[in-house]
Amino acid sequence: MSYIRFRKHYLHIPYLVLAALEIAALYVIFTFLASLLSVAGVGYPSVETDILSASVFALVLSCGTLAMGGYLAMVHENVSALFFRTLVAYCFVGGIGLKLLYLVLPSANPGSTNLFWAVILASLVVILLRLIFLRIVDSEQLVRRVVIFGTGDFAANLLDEYKHNMRALGVRIIGCIGENPGAAVGADNLLPTPHDFYKFCRQNRVSEIVIAQQERRRNEGGWLAVPDLMECKLRGIAITNGVDFYERELKKAKLDMVHPSWIVFSEGFQASKTRDFAKRSLDLLISISLLVVMMPFIILTACAVFIETGRPILYSQTRVGMFGKEFRIYKFRSMRQDAEKDGKARWASSNDNRVTRVGAFIRNTRLDELPQIYNVIKGEMSIVGPRPERPEFVSELKEKIPFYDTRHYVKPGLMGWAQLKYPYGASVEDAKGKLEYDLYYSKNHSLLMDFLIMIQTVEVILLGKGVR
């Protein structure tokens, strides 16, 4: 398999290998350049093959790549887009991170000029490394080839979404197999039913078979696949349930296929007092630190809102938190004072004319969310978790969407998995799409996953994703 599962979160081995190669390359680049400049008499003695300096440089720039979604995006992007994303990750995100760290570790600072050339050289080398790695690992000779056993709606949806949204590095779905006259899968993705399933897998180098749930039973007169699947399983070919494949590859739970037994007998959805204590401690540490760092921006935002539209500066709403308990959430006001003058709750819409000019800016930069640091300190919210929703919408969504209430067994957060993976939700259908990611988070949440979400939220803020 091309995955490992650490702390309940699936980690794709090719990406881990690439990250390790990049860290090693960045370390070598920094060390080489520092030594070269030192020999030339323009370097600083503190950076001469210094392990700490090179390690800081390599790790921070790698975090910049992760923050800008550089690993997942490179499967879909062309060379120019990859170059631009890498420059933003290294020169902007990584550069700011390094400057902040150098305030704490001044001995690791190579100087602005030397740092500039190190970042430029690193960008060029890493882009070349990624192109070579992509060509090798994603080649037809090395990819993990997958067959879907099923041709119904679930199989068609899985195939379409995987192909267009999140095709992973080193994985290829070659098609669907199943005897179904009313197949929902397109003819170009249908494979002929083999007489010998294991022989077919060997000939086509199939390493995994995904079972769509609709195809678990044989229709009358149809093909009974269970013995064939057992033979494949016993002879080393992985057999994966469609829901599990969906979860592993797309990092969400397919709501149409989720049933109560999946929740009851799952490895996830486990409460832990130790984890709750660690998460609460981390929430307090990060929120207080964030409050101190962001205080100038909080003051400037408050002044901008007041100058444009006057009072009130803050806007509060009732939201539904953990275990369905309601609380007041605080935001900088980004809409006109009469945005809901009739008292009726409304979904925000694209290009909403209720949003002010200052409001549009603070929404894009997420500055309007800063007052919620108070909710985190108070314990009503966490730094990471599903976004809390208004009671009026929750009542509606619980009636229309199955398992919607499961998201209330995790403390709501400032940032979340659904906010990273799904655009802004402004309808029941959007709420359903977001719930699939919230379910994945509720099932698999860990401090590692929280850390990854916090880093990747940088891209959401910088590019203004998911804002209305």
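The values are calculated or read from the model by the stated rules, or taken from the named source; none is laboratory data. Model, not experiment: these values are computed from the prediction. Cβ atoms come from the backbone with ideal geometry, glycine included; neighbour counts cover every protein chain shown.
Just to be sure before I move on: is residue 116 closer than 19 Å to residue 90 by Cα, of a type outside the set (S, T, N, Q) and in a helix (DSSP H, G or I) in the structure I sent?
yes
Could you say which residue among 261, 281, 287, 272 is under 22 Å from the mean Cα position of the chain (by Cα) and hydroxyl-bearing (Ser, Thr, Tyr)?
After ruling out the rest, the residue left standing is 287.
For the stretch 119-147, which positions are at pLDDT 90 or above and either among the basic types (Lys, Arg) or touching a Cys at 6+ places or on another chain (Cβ under 9 Å) (or both)?
Correct list: 147 only.
Specify the residue that is nearest to residue 193 (Cα to Cα); the eligible residues are those in the stretch 96-152 that are of a type in the set (S, T, N, Q) and surrounded by 13 or more Cβ atoms within 10 Å (Cβ to Cβ).
We begin by selecting, within the stretch 96-152, every residue of a type in the set (S, T, N, Q); these are 107, 109, 112-114, 123, 139, 141, 151.
Then drop every residue that is not surrounded by 13 or more Cβ atoms within 10 Å (Cβ to Cβ), which leaves 109, 114, 123, 151.
On the way: 109: 63, 114: 62, 123: 48, 151: 11 Å.
Out of the qualifying residues, it is 151.
Is it true that some residue in the stretch 234-241 is out of contact with any helix residue (DSSP H, G or I) (no Cβ under 8 Å at 6 or more places or on another chain), free of Cβ contacts under 8 Å to residues at least 12 places away in the same chain and loosely packed, with under 13 Cβ neighbours inside 10 Å?
Looking for residues that are out of contact with any helix residue (DSSP H, G or I) (no Cβ under 8 Å at 6 or more places or on another chain), free of Cβ contacts under 8 Å to residues at least 12 places away in the same chain and loosely packed, with under 13 Cβ neighbours inside 10 Å, one finds at least one in the stretch 234-241, hence yes.
Determine whether residue 66 is in a helix (DSSP H, G or I), at pLDDT below 85, outside the structural domain of residue 164 (by TED's automatic domain parsing) and aliphatic (A, V, I, L, M).
no
Would you mention how many residues in the stretch 387-430 are under 24 Å from residue 455 (Cα atoms), outside any loop (DSSP other than H, G, I, E, B) and among the small types (Gly, Ala, Ser)?
Summing the residues that are under 24 Å from residue 455 (Cα atoms), outside any loop (DSSP other than H, G, I, E, B) and among the small types (Gly, Ala, Ser) in the stretch 387-430 gives 2.
Can you name the residue in the stretch 256-307 that is of a type in the set (Val, Ile, Thr) and within 30 Å of residue 156 (Cβ to Cβ) and, of all such residues, is surrounded by the fewest Cβ atoms within 10 Å (Cβ to Cβ)? Break it down stepwise before answering.
Taking the stretch 256-307 first, the residues of a type in the set (Val, Ile, Thr) are 258, 263-264, 274, 286, 288, 292-293, 298-299, 301, 305, 307.
Pick out the ones that are also within 30 Å of residue 156 (Cβ to Cβ) and you get 258, 263-264.
Numbers: 258: 20, 263: 16, 264: 8.
In this case the residue turns out to be 264.
Just name the residue that is modelled with the lowest pLDDT out of those in the stretch 271-328 that are part of a helix (DSSP H, G or I) and hydroxyl-bearing (Ser, Thr, Tyr).
309
Quick check on the stretch 384-398: of everything there that is among the charged types (D, E, K, R) and under 13 Å from residue 429 (Cα atoms), which residue is farthest from the chain's Cα centre (by Cα)?
As a first pass, look at the stretch 384-398 and keep what is among the charged types (D, E, K, R): 387, 389-390, 392, 396, 398.
Next, from what is left, pick out any that are under 13 Å from residue 429 (Cα atoms): 396, 398.
Details: 396: 27, 398: 25 Å.
The qualifying residue farthest from the chain's Cα centre (by Cα) is 396.
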